[in-house]
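Have a look at the structure below, then the notes.
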Amino acid sequence: MRLNISNTFNEELPSDSNTDNSRRQVFEAAHSYVIPRIPSKPQLIHTSEEMAYNLGITANDIYNQEFLDIFSGSKIHPKTKPYAMAYAGHQFGNWAGQLGDGRAINLFEVEHNTKRWALQLKGAGETPYSRQGDGLAVLRSSIREYLCSEAMHHLGVPTTRVLSVVLSGDDVLRDMLYDGNADYEKGAIVCRVAPSFIRFGNFELFAARKDHKNLKLLTDYTIRYFYPELGKPSKGTYIKFFQEVTNKTLDMIIHWQRVGFVHGVMNTDNMSILGLTIDYGPYGWLEGFDFGWTPNTTDRQNKRYRYGNQPNIGLWNLLQLANALYPLVDDPEPFETILKNYQKDFEIKSLNMMRSKLGLLVEEENDMKLMADLEDCLLLSETDMTIFFRLLSNYKKGKPENGLDMIKEAFYKIDDIKDELLLEQWKGWFLAYDQRLQREPLTDHQRQANMDLVNPKYVLRNYMAQLAIDNADKGNYKLIDELFELLKKPYDDQPNYQKWFAKRPEWARHKVGCSMLSCSS
């Protein structure tokens with residue numbers, strides 16, 4: 001296996017002088033060197049051949065012992081030094097101080113076809129940042145991250161990627177719902193891939209400690225490798241850098257809202273400086289359309305990270321990043337201007353996103369009311385978001401009386417259609433929608449094609465991931481492969497997989513892993 005290793009982060013940024021792998025506060029360093037724990041009996045479960053190709057790894061390489069050794073943490077690739085990143089963060093709105101890679105170990109960076117990729121193992125053992133944790137991961141959470149990373153990529157959502165998932169052969173003790181009922185589960189290791197895993201929290205750590213020297217080193221490094229178009233470091237460049245991060249973060253969240261994805265833990269240490277979805281824990285897709293839904297049991301009371309609040313949390317997190325970068329600029333005004341514009345930009349981009357979901361090309365002043373009225377209708381009865389928008393693309397102009405019947409399969413309670421208030425409200429909306437479509441230039445067929453490019457037919461519902469987990473726990477990995485293939489083409493009809501174009505089954509409504517998820521998920 002030949003890899004074009006090209007390390008930069010650990011070679012150009014300061015290292016922790018203490019090489020002891022003990023939990024501690026780490027100062028004046030961007031990372032600490034650490035050796036992965038050797039698993040007792042590693043077994044490769046699944047590999048993304050697409051990601052392997054992006055790294056210059058051949059199909060033959062995947063099934064060699066060397067591949068398993070490197071990406072299970074059993075052996076260290078020659079001339080590389082694995083490390084864990086140091087960062088801080090705000091968790092659920094509160095300053096948490098130093099956090100860092102508690103169960104992620106970065107292996108190396110690879111350059112291939114003009115692109116740079118960083119590879120890290122999640123679940124490969126403790127690091128100086130593990131705090132009370134063991135640095136390990138379980139099969140359950142590893143399958144969820146593995147499937148979701150690739151599903152999001154093929155949905156067109158900016159995301160980190162994955163290369164492989166490996167069983168460690170070791171049992172790991174976990175209290176899944178933090179209710180005192182800990183139990184042993186199968187251990188696993190995921191190899192995550194991204195251009196960089198730098199987070200808002202990396203900058204927050206140095207800023208909080210007034211370590212402005214290393215704050216500048218980190219910022220200059222990030223710009224040099226990931227935002228080179230901004231030019232040489234200067235106060236003006238740092239402002240442009242913040243503007244670009246703001247743009248990328250907003251675009252990512254607009255994509256989340258478009259497909260109904262809820263991250264679940266939008267802490268600042270889980271925010272990528274590249275605007276990528278990162279750290280898949282208690283995530284979920286909306287089943288019933290609900291602005292107040294969160295998949296995270298830890299957030300059930302306050303619902304800080306609920307679906308409808310994700311854009312606001314993005315802004316709040318960007319404010320924390322602005323505070324971290326402020327010492328490099330020493331002028332609050334440009335940061336304030338960018339943050340004020342975020343809200344305006346969100347409203348514009350969100351409206352345009354909703355227009356695309358409804359198949360509208362022409363921009364009209366009353367479109368916002370059409371969207372608001374639709375949201376009111378969707379909330380009248382539990383309505384599956386994914387199925388509703390996909391079925392809506394079948395609508396034919398001039399037939400508003402057929403609208404409700406066409407989308408009825410999206411309702412969880414079909415009998416609700418008999419409700420007089422619901423009927424009238426939906427009929428009124430379809431009439432307004434039809435009148436709006438009359439002023440559009442596209443034919444029904446053209447509009448349907450456009451809508452089907454932005455409204456997925458298939459998403460990774462939590463119950464689907466849980467079925468794959470249950471099977472894998474019994475040693476059967478076929479469903480992982482089936483879902484992996486299905487989610488490569490989420491916008492295609494795929495008649496062979498029609499069974500997955502369905503509402504969440506009733507048995508999954510309150511089942512652990514399907515509706516209730518914790519940060520250990």
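Between segment 155-220 and segment 347-382, what is the separation of their alpha carbon centroids in Å?
About 36 Å separates the Cα centre of segment 155-220 from the one of segment 347-382.
When the convex hull of the C-alpha atoms of segment 255-336 is computed, what volume per residue in Å³ does it have?
Here the figure is 107 Å³ per residue.
Let me know the longest stretch in the chain that avoids all GluC sites (Glu not before Pro) found in a DSSP loop with at most 10 other C-beta atoms within 10 Å.
1-362
Please report the projected area of the chain's Cα convex hull averaged over all directions, in nm².
For the chain, averaging the hull's shadow over all directions gives 24.6 nm².
Measuring from label point to label point, each 7 Å out along Cα→Cβ, what is the Tyr63 to Lys396 span in nm?
Computed distance between label sites Tyr63 and Lys396 equals 5.1 nm.
Under 5 Å between amide H atoms, partner at least 5 residues away or on a different chain: which partners does Ser164 have, H built in plane at 1.01 Å?
Ser48, Cys191
Report, in deg cm²/dmol and to the nearest 500, the calculated mean residue ellipticity at 222 nm for the chain, where each DSSP H run with n ≥ 4 adds -39500 (n - 2.57) and the sum is divided by the residue count.
Numbers: 17 runs with 208 residues, N = 521.
It comes out at -12500 deg cm²/dmol, rounded to the nearest 500.
His31's amide H: which non-local residues (gap 5+, or another chain) put their own amide H closer than 5 Å, with H modeled 1.01 Å from N in plane and none for Pro or chain starts?
Residues meeting the criterion, in which the H sits 1.01 Å from N, are Asp16, Ala86.
Largest first, how would Arg24, Arg209, Arg2, Arg439 line up by accessible area (1.4 Å probe)?
Result of the area sort, largest leading: Arg2, Arg439, Arg209, Arg24.
Note the direction-averaged projected area, equal to a quarter of the hull surface, for the Cα convex hull of segment 1-64, in nm². Can you show the working numbers first?
Values: hull surface 26.0 nm².
Taking the Cα atoms of segment 1-64, their convex hull projects to 6.5 nm² on average.
Ignoring ligands, DNA and RNA, how do Tyr305, Tyr33 rank by accessible area with a 1.4 Å probe, largest first?
Working: Tyr305 0, Tyr33 50 Å².
I get Tyr33, Tyr305, largest accessible area first.
Assuming 0.36 nm per residue, please report the length gained on full extension of the stretch Glu375 to Asn181 beyond their Cα-Cα distance.
So the chain would gain 65.9 nm between Glu375 and Asn181.
What does the net charge come to around Lys397 if you take all other residues with beta carbon closer than 11 Å to its beta carbon, with K and R at +1 and D and E at -1?
+2
Spelling out what I want: for every residue of segment 430-446, take phi, set θ = phi - 60°, compute 6.51 cos²θ - 1.76 cosθ + 1.60 (Karplus), and round to whole Hz; glycine and proline get x.
4, 5, 5, 5, 5, 4, 5, 5, 4, 9, 9, x, 7, 6, 4, 5, 5
Rg/Rh for segment 1-133: what does it come to with C-alpha atoms and Rh from Kirkwood?
Numbers: Rg = 15.7 Å, Rh = 15.9 Å.
Rounded to two decimals, Rg/Rh equals 0.99.
Between Trp95 and His212, what FRET efficiency follows from the Cβ-Cβ distance if R0 is 22 Å, with the result rounded to 0.05?
Numbers: r = 19 Å, r/R0 = 0.85.
That gives a FRET efficiency of 0.75.
Taking Lys235 as the anchor, which aspartates and glutamates have their alpha carbon closer than 20 Å to its alpha carbon, excluding any fewer than eight residues away along the same chain?
The reachable aspartates and glutamates, counting only those whose Cα sits under 20 Å from Lys235, are Glu204, Asp211, Asp220, Glu244, Asp330, Asp331, Glu333, Glu336.
Tabulate in residue order the Karplus-calculated ³J(HN,Hα) for segment 138-147, using 6.51 cos²θ - 1.76 cosθ + 1.60 with θ = phi - 60°, rounded to whole Hz; enter x for Gly and Pro.
9, 4, 4, 5, 5, 5, 4, 5, 4, 5
So how compact is segment 371-521: Cα radius of gyration and Dmax in angstrom?
Cα only, segment 371-521: 17.8, 56 Å (Rg, Dmax).
R0 = 60 Å: FRET efficiency of Glu409 with Arg23, Cβ-based, nearest 0.05?
0.70
So in the chain, what percent of DSSP beta bridges are antiparallel if you round to the nearest 5?
90 percent
The values are calculated or read from the model by the stated rules, or taken from the named source; none is laboratory data. Only a predicted model underlies this, so the values are computations on that prediction, with no experimental measurement involved. All Cβ positions, glycine included, derive from the backbone under ideal geometry; neighbour counts span all protein chains shown. Accessible surface is based on the protein model in full, side chains and every heavy atom, while ligands, DNA and RNA are left aside. Shrake-Rupley method; radii C 1.70, N 1.55, O 1.52, S 1.80 Å.
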